[in-house]
1. For chain A, what does the relative contact order come out to in percent, with C-alpha contacts under 8 Å and a separation of six or more?
2. So if I place +1 on the C-beta of Lys and Arg and -1 on the C-beta of Asp and Glu, and nothing else carries charge, what would the dipole magnitude of chain B be about its Cα centre? I want it in debye, nearest 20.
3. Label 7 Å along Cα→Cβ of A:L103; segment A:183-212 residues with amide nitrogen under 18 Å?
4. When averaged across all projection directions, what area in nm² does the alpha-carbon convex hull of segment B:264-332 cover?
5. If I take R0 = 22 Å and measure r between the Cβ atoms of B:S322 and B:R245 in this structure, what FRET efficiency does the formula 1/(1 + (r/R0)^6) give, to the nearest 0.05?
6. Trypsin sites (Lys or Arg not before Pro) within segment B:216-255: which are DSSP loop residues with at most 16 other Cβ atoms inside 10 Å?
7. Taking the simple approach of a point 7 Å from Cα along Cα-to-Cβ for both A:L289 and A:I163, what is their distance in nm?
8. Pulled fully out, how much extra length does the chain show between B:M201 and B:D315, if you take 0.36 nm times their separation in residues and subtract their Cα-Cα distance?
Amino acid sequence: MSTVPVAAERAALAAAPGARGRLNVARAAAHFQAAPMAMVFLCFLVFPIVAIVVVSFFDYDSVQIIPRFTLENYRELLLSKVTWETYLNTFRFAAMTWAVTLLIGFTLSYFLAFHVHSTLMRIGLSLVCTVPFWTSNIIRMISWIPFLGRNGLLNMALLRLGIIHQPLEFLLFSDFAVVLALVHLNTFFMMIPIFNSMMKIDRSLIEAARDAGARAPQILWNVVIPLSKTGIAVGSIFVIALVMGDFVTVRLMSGGQSASVGLMMANSISLLQYPAAAANAILLLFLVLGLIAGIVRSVDIRGELTGSIARARAADE
Amino acid sequence: MSARYDVELIAVTKRYGATVAVDDIDLRIPQRSYCCLLGPSGCGKTTTLRVIAGHETVTSGDILITDQNITNSPPAQRGTAMMFQNYALFPHLNCIDNVAFGLKMRGVRKAARYAQAREFLELTQMTAYAERLPSQLSGGQQQRIALARALVTKPKILLLDEPLSALDPFLRGRMREELKRLQNELGITFIHVTHSQEEAMALADLVVVMEGGRIQQADAPRYVFDQPKTAFVARFLGGHNLMPRDDATELAVRTDRCRLFAIDDVVQPSLPGAVSAIEYQGTRVQVTLDTDLGIRLVSHLPDEVFYGHPFQIGDRARLSWSRSDAHPVIAN
């Protein structure tokens, strides 16, 4: 009974316009599937940023935001020496933290990926690396104080052992303390992407390098580092973005002696100068995006991805 | 004075914990020979190769390369180079840098190492692909690059780990010819691990059949096929009927030397049975006989012989061979 309509439908589908219709349906389905994530991004990322951009061009006085277009916020921000000193200082923290987390993260990943051979042990040791995250950020930082303070554990121990005769002053409320806390917070974010890249390195490549006469440092430099680049780039983006936006760590660990961009914004907000904070946020956003663009360009994360796609295709052939 | 053997293994044993991968083997590979290590997976052939390469340490025994004991030397100081099963090309380096890698590690300057690498790209007919990344090459091309990379350091021994297993049958045939040509041209020893008896037969001057970490037989392909020493070798190479005997030996007869006769013909030696399968294979016909002893024997008959006196499935028949074609082999 239904054979005729079904056959007709099939014939219609097989015809060229029908096929195009199916293609459109497929495309619509793909968009539909991507929609939930797109909505999340739209609501929680795009709208807030648009709102910040809009507010950054608003005027304000000591009690309220005045919705009137002005460039004054940016003029004040960009022409102030304090702004650029603060940015410089924040970049300095970011650079130091980046260098130290890279060194520690790379070494830890290398050890986990190439010297630990059992999967169980690897999982166990990775979990150990997450221990700092079992308490809140604030508690983690506060717990440095009794350790690093003038009469803290470290100074006491060193004094007792006779290694020093005066308590070390630079340990707490200093740049050293800030970087120490930032490294403590962020090493994990550097380590995991690098570990990921390293686990993808085919072990026979290491053997092939050794077969070709490469010694351990040569293998590291010529094989392991180039093939971990993507992980290093991703880890660097995490660390730099996190450090550039930080304000709690800098305030607490420097004892209020160091400024950071985040701190500057927090101060503006506490003074109800939302438009000024917004303008600052936009400036920070652009600078960090510029940095990330630089990293992405130098490592070519996309090239690496398309490379693996090409490899998969070649394997299919 | 030139060495007697390119490679000598003396009582080499490799154990992983309780399992013995290579069990007390002795092997001598003459100069400039093409040697195939042949056997099923897990027979110890790859471990043997890796032990020679220096990627595994021996548990006991010695390895000599051109009369020098290199048992404990690092891979690069043995005069060996290895071509890996999955080629192991460096994905971040283009072809010429892949080929020049060994020279770079030895501190050869850029111009010199590129010149030498180009020579080997030419040898493997890959000059046109010098600037490509490995991911932009087909499997066969990747293999040529891997070959060039292994040869660039001018090894005395080239070690190949299942080099043809990833290629399609057509390419496999061509690469096989090419490997043989290269070995001839370079005049060095190739040690080639394979599980394909056809490959080993086609390439090798010396076939080493391995099983259970031991060498079953090491001979020229002709002798390995014609005069297997053990039942395993006869079974693994195929083309043999095996008949149990009273002692610890079996009788091996090549299937193409076995003839079928009518059940009442008086021929000696022979075994009676029923034809259970007939397969036409072009140049020959394969007839399977379920003998009254309970063993299954096969006769490969030239097609004109079979069609001269055809048999049907279920027919009673007698399988016979000449005494001079029967070899006692060690049962295992």
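1. That works out to 24 percent.
2. Dipole size: approximately 1460 debye.
3. A:183-191, by backbone N distance to the label point.
4. 5.6
5. Calculated transfer efficiency: 0.80.
6. Answer in residue order: B:R245.
7. For the pair A:L289/A:I163, the computed spacing is 4.7 nm.
8. 37.5 nm
Any read-out appearing in this document is the output of simple, stated calculations on the displayed coordinates, not a laboratory observation. Just so we're clear, the structure is a prediction, and the values are computed from it rather than from any experiment. Positions of Cβ are backbone-derived with ideal geometry, glycine not excepted, and every protein chain shown enters the neighbour counts.
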